[in-house]
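To start, the structure itself, in structure tokens.
The values are calculated or read from the model by the stated rules, or taken from the named source; none is laboratory data. Because the structure is predicted, anything quoted here is derived from the model rather than measured. FYI the Cβ positions are ideal-geometry reconstructions off the backbone, even for glycines, and counts take in every protein chain you see.
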Amino acid sequence: MIDLDRHMSSEYATIVVESTGTVYDTRALGFLLESYKIPDPNARRHEVKVPGRDGTLDLTEALGGVYFENRNISLELNGNAITSEHFQRNCSILRNALDGRVCKLTFSDDPNYYWLGRVAVDAVRLGRHHMSITVKLDAYPYKLSLDGSYDPWRWSPFSFVDGVVTHPEDVILSNQTKTVTLPVDPARQKVTLWLNTGSSGSVRVRTDRESTSAYHLLRLGRNRFPEVRLAADAETTLYLTGTGSVGIDYRRGSL
């Protein structure tokens, strides 16, 4: 578990409402990010107890590999730097804007990634010497790269240690099958894949790890495939078939 107090934590966090793109900066609201907690990833295991033998039979890999449960992230925001009236007003702003909504959460000490999940604005504590509010995020287990393959490349906050620049071309299909190759990923990162179909044609997709009959039909617009995972020892190939144009937008994820 990552558990940072005010002496070690990032100075602030930004929360973006996914549906509107509205940004809320804890500094602008007068809050100090006193602490935050990110639980360790919890693997979803599939085990069977077999009568007449020791231990359990682990079927996790046989059933598709290792997958993880959501992570319950919590932030404590300190309002001691502002008046109690100002604190109450800003708590209401957070509740009205964020409570129950899907949001993106970014910490200033990890600026290349964001956490995606549903927000709950929790307990408000008002005391003689202390004012704080707790914000919780029921988050997807992987943090996602701030820049997708279709976003403009930014020098800052690009990481020259593990950052990747990818800008794939749109795929144009005319009653045919084409392949798109995604790179090797030695870091065991997850890729969240969107396929954007820009025409009314019928296009289907599958990966090289699926059977030839396992094509998924794409609807017009934005199609999300969260479970595509890049291999650590081989490239991943997407097979696209049909008629239409397809844009491939993917974000790397990391535990």
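Out of curiosity, is residue 157 in contact with a Pro (Cβ under 7 Å, 6 or more places away or on another chain), at pLDDT below 85 and not hydroxyl-bearing (Ser, Thr, Tyr)? In short, yes. Of the conditions (1) among the charged types (D, E, K, R); (2) farther than 30 Å from residue 114 by Cβ; (3) under 17 Å from the mean Cα position of the chain (by Cα), residue 101 clears all except one; give me its number. Unmet condition: (2). Note on the stretch 172-188: residues that are among the basic types (Lys, Arg) and either closer than 17 Å to residue 241 by Cβ or modelled with pLDDT of 75 or more (or both) total 1.
Take residue 106 and tell me if it is surrounded by fewer than 19 Cβ atoms within 10 Å (Cβ to Cβ), at pLDDT 90 or above, β-branched (Val, Ile, Thr) and not in a loop (DSSP other than H, G, I, E, B). For residue 106, the condition - surrounded by fewer than 19 Cβ atoms within 10 Å (Cβ to Cβ), at pLDDT 90 or above, β-branched (Val, Ile, Thr) and not in a loop (DSSP other than H, G, I, E, B) - is not met.
Can you find, within the stretch 104-144, the residue that is farthest from residue 81 (Cα to Cα) among those that are within 18 Å of the chain's Cα centre (by Cα) and without any contact (Cβ under 8 Å) to a residue 24 or more places away in the chain? Top of the filtered list is 118.
To keep it simple, each residue is scored yes or no on (1) of a type in the set (A, V, I, L, M); (2) at pLDDT 90 or above; (3) farther than 25 Å from residue 253 by Cβ; (4) surrounded by 12 or more Cβ atoms within 10 Å (Cβ to Cβ).
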| residue | (1), (2), (3), (4) |
| --- | --- |
| 22 | no, yes, no, yes |
| 26 | no, yes, no, yes |
| 47 | no, no, yes, no |
| 50 | yes, no, yes, no |
| 53 | no, no, yes, no |
| 57 | yes, no, yes, no |
| 60 | no, no, no, yes |
| 66 | yes, no, no, yes |
| 73 | yes, yes, no, yes |
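For the stretch 78-93, a tally of residues being surrounded by fewer than 20 Cβ atoms within 10 Å (Cβ to Cβ) and not polar (S, T, N, Q) returns 6.
Of note, residue 96 does not satisfy the criterion of being of a type outside the set (Val, Ile, Thr), out of contact with any strand residue (DSSP E or B) (no Cβ under 7 Å at 6 or more places or on another chain), surrounded by 15 or more Cβ atoms within 10 Å (Cβ to Cβ) and within 15 Å of residue 24 (Cβ to Cβ). Just so you know, in the stretch 201-255 the residues that are surrounded by 15 or more Cβ atoms within 10 Å (Cβ to Cβ), at pLDDT 70 or above and part of a loop (DSSP other than H, G, I, E, B) include one that is nearest to the chain's Cα centre (by Cα), and it is 215.
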